[in-house]
Amino acid sequence: MVQAEKKENSVFHIAFNLVAACFISGLVIGAVYYVTAPVAAEKAEQMKQESMRELVADADAFRPVAGREGWFEAQKGGAVIAYIVPSETKGYGGTIKMLVAVTAEGRVIDFSILEHNETPGLGDNAQKPAFRDQFKGKEASHMKVVKDPSDRENIQAMTGATISSRAVTLGVRQAAEAVASFKGGE
């Protein structure tokens, strides 16, 4: 009888210790989150502001666009000179998230890839000027991925990364089309 009582006490004691350890761990994780969450949110906002400044260097202010989530007007002297539009597409390695700067006329200024999982040395080359510069000044109608070097009107695919090329081009084209339809609707 004594041994059975000891065994129950042992199982109870182990369970109590496990519950106590989980509770203390939860408190520690909660406290760390409480302290770091505002800092992380502030850093994310700072990075977004820096990305927008890089995309539209002439702007002196960025204001949210009413009714459009994640959209910003890039303003200079109170006048809208561009729109910053978030875009998301599926590439070879998963989701590609980017910000696209587009003029009020629907021409691409530049884009910035915020997050991707594309193949290093292939799909991640979409961030490099050789690929990005092809978009500058283009309207949505001239954003078709081609593999013909003589076709300067459209976007040349990155060697070995056609899926990534198409995904980035689609994201930029969708942003340009969204701005063109937004401005056409005003």
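Evaluated against (1) surrounded by 20 or more Cβ atoms within 10 Å (Cβ to Cβ); (2) out of contact with any helix residue (DSSP H, G or I) (no Cβ under 8 Å at 6 or more places or on another chain), residue 172 falls short on exactly one condition, (2).
Among residues belonging to the range 104-138 that are in contact (Cβ under 8 Å) with a residue 40 or more places away in the chain and more than 18 Å from the chain's Cα centre (by Cα), point out the one that is surrounded by the fewest Cβ atoms within 10 Å (Cβ to Cβ). That would be 105.
Taken together, the residues in the range 78-87 that are surrounded by fewer than 17 Cβ atoms within 10 Å (Cβ to Cβ) and touching a strand residue (DSSP E or B) at 6+ places or on another chain (Cβ under 9 Å) amount to 2. When the residues of the range 103-145 are narrowed to those that are in contact with a strand residue (DSSP E or B) (Cβ under 7 Å, 6 or more places away or on another chain) and among the β-branched types (Val, Ile, Thr), which ends up nearest to residue 51 (Cα to Cα)? Step by step, filter the range 103-145, then rank; the result is 113.
State which residue is nearest to residue 68 (Cα to Cα) when the search covers only the range 135-186 and only residues that are outside any loop (DSSP other than H, G, I, E, B) and among the hydroxyl-bearing types (Ser, Thr, Tyr).
So the residue we want is 181.
Pairing residues of the range 140-164 that are surrounded by fewer than 16 Cβ atoms within 10 Å (Cβ to Cβ) with residues that are part of a loop (DSSP other than H, G, I, E, B), at Cβ distances under 6 Å and at least 6 apart in sequence or on separate chains, gives 144/154; 146/154; 147/157; 160/122.
If you go through the range 92-101 and keep only what is surrounded by fewer than 18 Cβ atoms within 10 Å (Cβ to Cβ) and outside any strand (DSSP E or B), you end up with just 93. Count of the range 81-100 residues, restricted to those that are under 23 Å from residue 46 (Cβ atoms) and under 13 Å from the mean Cα position of the chain (by Cα), is 11. Note on the range 129-157: residues that are at pLDDT below 85 and farther than 16 Å from residue 173 by Cα total 5. Of all residues being in contact (Cβ under 8 Å) with a residue 40 or more places away in the chain and under 16 Å from the mean Cα position of the chain (by Cα) in the range 48-63, which is surrounded by the fewest Cβ atoms within 10 Å (Cβ to Cβ)? Just the residue, please. The qualifying residue surrounded by the fewest Cβ atoms within 10 Å (Cβ to Cβ) is 54.
Screening residue 44 with (1) surrounded by 12 or more Cβ atoms within 10 Å (Cβ to Cβ); (2) within 14 Å of the chain's Cα centre (by Cα) gives one miss only, at (1). Listed by first and then second residue, the pairs with beta-carbon distance under 6 Å, at least 6 apart or on different chains, first residue in the range 64-80 and over 14 Å from residue 182 (Cβ atoms), second charged (D, E, K, R), are 76/58; 76/60.
The values are calculated or read from the model by the stated rules, or taken from the named source; none is laboratory data. Predicted model only: the values in this text are computed from it and were never measured. Counting neighbours? That spans all protein chains shown, and the Cβs are built from the backbone with ideal geometry, glycine included.
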